[in-house]
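Please treat every number below as a calculation from the coordinates, not as lab data. Bear in mind that the values here come from a model prediction, so they are computed numbers and not experimental data. Here Cβ is always computed from backbone atoms with ideal geometry, including for glycine, and neighbour counts include all displayed protein chains.
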Amino acid sequence: MRPATEVVQRVLQTEKGSRLTAAAGQYVLSVALDANKVEIREAVERLFNVQVTKVNTMITHGKWRRLSVHRGRRPDTKKAIVTLAKGQKLEVKS
């Protein structure tokens with residue numbers, strides 16, 4: 001089993017994430033590309049001492065970028081939207 005810090009990379013603080021947190025107690029996390037929902041649930045519960053009720057994941061594909069005549073691609077990333085039990089929240093440093 002992998003360390004929890006390897007599965008969960010960081011908490012994403014965006015406008016959409018703020019709305020989700022305020023409305024439904026959901027948090028958006030950046031996770032390892034090969035992590036599955038079970039690993040993500042266990043890692044969040046171990047790292048933040050909370051109870052996770054639901055995990056949704058999505059893979060965002062990297063955009064093509066150009067610098068002068070060279071073309072390159074940003075890396076693919078994986079996000080997880082984690083729903084916590086009623087009354088719980090993640091302690092996130094700004």
- Taking the stretch 17-33 on its own, how many of its residues are hydrophobic (A, V, I, L, M, F, W, C), touching a residue at least 24 places away in the same chain (Cβ under 8 Å) and out of contact with any helix residue (DSSP H, G or I) (no Cβ under 9 Å at 6 or more places or on another chain)? 3
- Query: Quick check, is residue 29 in contact with a Ser or Thr (Cβ under 8 Å, 6 or more places away or on another chain) and within 13 Å of residue 8 (Cα to Cα)?
  - Reply: no
- Task: Could you please find all residues in the stretch 64-86 being over 19 Å from residue 13 (Cα atoms) and either touching a Leu at 6+ places or on another chain (Cβ under 6 Å) or exposed (fewer than 10 other Cβ atoms within 10 Å of the Cβ) (or both)?
- Result: 64, 66, 67, 68, 69, 70, 71, 75, 86
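If I ask for residues that are of a type in the set (Val, Ile, Thr), under 18 Å from residue 88 (Cβ atoms) and part of a helix (DSSP H, G or I), which ones from the stretch 4-59 would you list?
Keep residues of the stretch 4-59 that are of a type in the set (Val, Ile, Thr), which gives 5, 7-8, 11, 14, 21, 28, 31, 38, 40, 44, 50, 52-53, 55, 57, 59.
When the remaining residues are screened for being under 18 Å from residue 88 (Cβ atoms), the result is 8, 11, 21, 28, 40, 44, 50, 52-53, 55.
Answer for the stretch 4-59, where residues must be of a type in the set (Val, Ile, Thr), under 18 Å from residue 88 (Cβ atoms) and part of a helix (DSSP H, G or I): 21, 40, 44.
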